[in-house]
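To start, the structure itself, in structure tokens.
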There are 2 protein chains.
Amino acid sequence: MPTYPSRVTVYEVGPRDGLQNEARHVPVEDRVRYIEMLADAGLPFVEAGAFVSPKAVPQMAGSDEVLAALHRKESVRYPVLVPNERGMERALAAGASDVAVFTAASESFTRANINATIAESIENFRPVARLAQQHNIPVRGYVSTALGCPYEGYVAPEAVVRVASALVELGVWQVSIGDTIGVGTPAGVEAVLSALVSEIPADMIAVHFHDTRGTALANVLTSLQMAITTVDSSSAGLGGCPYAPGASGNLATEDLLYMLHGMNIDTGVSIEKVAEASFFITGALGRRPESKFLQAFAAGARQADAAH
Amino acid sequence: MPTYPSRVTVYEVGPRDGLQNEARHVPVEDRVRYIEMLADAGLPFVEAGAFVSPKAVPQMAGSDEVLAALHRKESVRYPVLVPNERGMERALAAGASDVAVFTAASESFTRANINATIAESIENFRPVARLAQQHNIPVRGYVSTALGCPYEGYVAPEAVVRVASALVELGVWQVSIGDTIGVGTPAGVEAVLSALVSEIPADMIAVHFHDTRGTALANVLTSLQMAITTVDSSSAGLGGCPYAPGASGNLATEDLLYMLHGMNIDTGVSIEKVAEASFFITGALGRRPESKFLQAFAAGARQADAAH
């Protein structure tokens, strides 16, 4: 039988990737409270905002105010997304100590999403990486559409390796491999991760799955079997699927934690406290959580112990 | 890396296990049409009804009429559930050619569910098995609460093995191991299946997962890695969770098919035709499908090819 890591790092993206795809805009005060609740739950990474155009992504406006108001814990890192040098300068001015950059494995997607080729997007990160190095700030890199593209369909694992390797050469400490439209299955995950680990150490790779077709946890399981130990997720499953409004998007943090804890894999995170944060933010958004765990909880399911 | 079977048998339980847990009662005519649509989709097993008390389970009343009206395909088997000798006699009179019996691995659950001990429930099946043998009718056995019990919590794998072995001794051709309340994780599945396959050949074991906490497909993946090749599912995820109204229950057939097909595992089933059956029956029930695949489909998601 396959073996599993004894500990997994859960990288929380709800306050950024989650909220930026929600229709309702959450005020700074509630975003701060949400981030602090997630940090109090024991999550080691809570992505806190984005220094992108407030016209393009109004949900992330005021990310500087969020960072200013936040009571940061020493044990937690609060990365913010920066698209380019200008964004990096704003993030630095706001006191960011962790940043992330974002590109994709599919040319059509990158063109539609940021109006650039993949190569151009990497070039845009060069001054970001330079500033980050000067200020001793770790940079994470996202590679989206790694398991399929809404325009091109199939994405070759070699394309994912090429982009991820370019990010690593730029100096990112971790690449997050994203199934942006939630089409991946364990076979695709195995193909992409097999190709990646031949070029990049497994401990520099994170996985970021969407549960649009219900395969996210199966994809996590396959990733764990391939020695990946960092998994992205979004509390309450916030974010939905930008390419199919009404469908599920980000893997919910509670669902991930339920599976990991049931497998005796340590995360250091309290599922109950994450659930509190999720109920708080879905209240602010006026919507129900996408998380199956929270839906069962809200329906009054007895949390009987799983057999292990 | 783990290996997977090249072919998996999908055992459809929507018209029985699904419908019997839905609040709205579907008339015989629509149940017949639903079953025929599922059979036309290529599903090799479509559980068609139950010969239980119509007072206790009004949703299954008229199962004799369903069998009488059904245009059966040679390539498809249409099992019906029978709780005891009386039910078996009614099933035989109605022309059933495949039956299933139902017990559990937890004493508290069996007591609450059928007001009997596990041993008594097995004794009840003895005359059923005798009649089945006389009429050359295959019997399937369900073992529910195999991954956890709503009353007792943890269920020991040895208890599951004991009940499954008793059913095999009675002559069932297959045991379906059920996570009735959807609490299982891959660790629990591995523990239970490891214990089972030391006593019962893997090709006599089916798995029946509920997606109440989102783990069903991860649990399927683990089962496939342990050489299990029959998986139960319910079109549209019909059935819900009887122990948490509003929460998800049965793994949806479409979600299962999406993952299997994405892994190049053959099922012989058309996901599009199952989806048609699911939209037909959820229309009759006046509810939306629980299947994530169908929710994505309904939301207009492009069915981009998964990378494989």
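No value in this document is a laboratory result; all are computed from the given coordinates. Small disclaimer: the values here were computed from a predicted structure and weren't measured. Quick reminder, even Gly has a Cβ in these numbers, built from the backbone with ideal geometry, and neighbours come from all protein chains shown.
Some points to look at:
- Copies compared at residue B:117 - label distances in nm, ascending, label defined 7 Å from Cα in the Cβ direction: 7.7
- Taking a quarter of the surface of the Cα convex hull of segment B:189-308 gives a mean projected area of 8.3 nm².
- Segment B:91-145 and segment B:20-81: distance between their alpha carbon centers, rounded to Å: 18 Å
- Full-extension gain in nm, residue B:165 to residue B:68, via 0.36 nm per residue minus C-alpha separation: 31.5 nm
- 10 Å Cβ neighbours from other chains, averaged over peptide A:240-246: 4
- Ranked by the mean number of other Cβ atoms within 10 Å of their residues, highest first, the peptides A:219-225, A:193-199, B:108-114 fall in the order A:219-225, B:108-114, A:193-199.
- Within segment B:156-272: Cβ-based charge dipole about Cα centre, in debye rounded to nearest 20 (Lys, Arg +1; Asp, Glu -1): 220 debye
- Residue with peak Gaussian network fluctuation, chain B [Cα springs, cutoff 10 Å], from B:171, B:141, B:239: B:171
- All other residues whose Cβ lies under 11 angstrom from that of residue A:178 are scored, Lys and Arg at +1 and Asp and Glu at -1, for a net of -3.
- Cross-link partners of residue B:292 among lysines, defined as those whose alpha carbon lies under 28 angstrom from its own and excluding same-chain residues fewer than eight positions apart: A:273, A:292, B:273.
- Shortest-first distances to equivalent copies, position residue B:199, nm, label 7 Å out along Cβ: 5.0
- Size descriptor, Kirkwood hydrodynamic radius, that averages inverse alpha-carbon separations across segment A:16-162, Å: 16.0 Å
- Normalised per residue, the volume of the convex hull around the Cα set of chain A (Å³): 118 Å³
- Two-site FRET efficiency, residue B:173 against residue A:75, from Cβ-Cβ distance with R₀ of 56 Å, rounded to 0.05: 0.50
- Our estimate of slack between residue A:85 and residue A:112, defined as 0.36 nm per intervening residue step minus the Cα-Cα distance, is 7.7 nm.
- Cα-based Rg / Dmax (Å) for the protein assembly as shown: 25.0, 83
- In the assembly of identical copies, residue B:134 has its label point, taken 7 Å from Cα in the direction of the beta carbon, separated from the corresponding points by 9.1 nm (ascending, one decimal).
- Taking every alpha-carbon pair under 8 Å whose residues sit at least 6 apart, segment B:219-308 reaches a relative contact order of 27 percent.
- Footprinting exposure proxy ranking of B:1, A:37, A:204, fewest other C-beta atoms within 10 angstrom first, gives B:1, A:204, A:37.
- Applying a length cut-off of 24 Å (Cα extent along the axis) and a mean Kyte-Doolittle floor of -1.0 to the DSSP H helices of chain B leaves B:118-134.
- Neighbouring partner chain Cβ atoms per residue of B:144-156, average, 10 Å criterion: 3
- Using C-alpha pairs below 8 Å separated by at least 6 residues, the relative contact order for segment A:58-139 is 29 percent.
- Chain A, dipole about Cα centre (Lys/Arg Cβ +1, Asp/Glu Cβ -1), debye to the nearest 20: 360 debye
- Counting, for every residue in B:216-226, the Cβ atoms of other protein chains within 10 Å of its Cβ and taking the mean gives 5.
- The charge dipole of segment A:1-128, taken about the Cα centre with unit charges on the Cβ atoms of Lys, Arg (+1) and Asp, Glu (-1), comes to about 60 debye, rounded to the nearest 20.
- Inter-site label distance for residue B:28 and residue A:123 at 7 Å from Cα along Cβ, in nm: 7.4 nm
- FRET efficiency, 1/(1 + (r/R0)^6) with R0 56 Å, evaluated for residue B:7 and residue A:136 via beta carbons: 0.55
- Mean separation of Cα contacts under 8 Å (6+ apart) over length of chain A, as relative contact order %: 20 percent
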